[in-house]
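Read-outs throughout are calculated quantities, based only on the coordinates presented, and are distinct from any laboratory measurement. From a predicted model like this one, the values you see are computed outputs, not experimental measurements. All Cβ positions, glycine included, derive from the backbone under ideal geometry; neighbour counts span all protein chains shown.
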Amino acid sequence: MRRLRWQVVAVATVGLALVLEALPSALLWLRAWRLRRQRRPQREVLFFPSQVTCTEALLQAADAGPSAPLTGCGCSLPHIESSLSRLLRALLAARASLELCLFAFSSPQLGRAVQLLHQRGVRVRVITDCDYMALNGSQIGLLRKAGIQVRHDQDLGYMHHKFAVVDRKVLITGSLNWTTQAIQNNRENVLIMEDADYVRLFLGEFERIWDEFNPTKYTFFPQKKRGH
């Protein structure tokens, strides 16, 4: 009987030791879970024109990957946050998917960010306007050359949307055309928001247009567009 009691005590002691050993990890997990539950949805408003600042270090870091050491940029531009750099950060946060629906896209920095995401394995799809994609400086040809899926309109009106959806959970939308002219000179706005209801609506619009602009539905003699 005494031997049985000692066995029970030994088992209980070992069990208690295991519980105490695992307790710190369990508490850390619980704290992280609570922080995730308490994290506020992303809400950010950007106004343009953006101050001209260095974005090279941000793009180099994204190209090198999260484990690479950060390297500074020796250019003479201010190394501070700007509306453009914050927009780039929102884009580069994509891990699984990026849907772009843009009237005009000629910003080299934003184009480079989209290509980096594609190289990283993010699924990128782009919808744009057929007239403005043909202008000098458009990034659309470079995106296509990189292997990114692009579809465009062929109808009477302009494809005038300006929005993006990151990882099917963050919406980026506003008045801004993704051009250097608009970023540096125009008074524009961009709203970045993590809202499931709005994201669902914009994704629905994207998928509707994506299907509508399927190349198999193109006509050989589309009607000319009316004036802008």
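For segment 41-141, the set of trypsin sites (Lys or Arg not before Pro) satisfying both a DSSP loop assignment and a count of at most 16 other C-beta atoms within 10 Å is given as R95. Put a dot 7 Å past the Cα of R123, heading toward its Cβ, do the same for D211, and the two dots end up 1.6 nm apart.
For the pair Q51 and A96, the difference between a 0.36 nm per residue extended length and the Cα-Cα distance amounts to 13.2 nm. Listed by chain and number, the aspartates and glutamates whose C-alpha is less than 20 Å from the C-alpha of K217, apart from same-chain residues fewer than 8 away, are D129, D131, D153, D155, E205, E207. For chymotrypsin sites (Phe, Trp or Tyr not before Pro), the sites in segment 123-228 that DSSP calls loop and that have at most 14 other Cβ atoms within 10 Å are Y218, F220. Once the C-beta distance of T180 and L203 is scaled by a Förster radius of 22 Å, the resulting FRET efficiency is 0.20 to the nearest 0.05.
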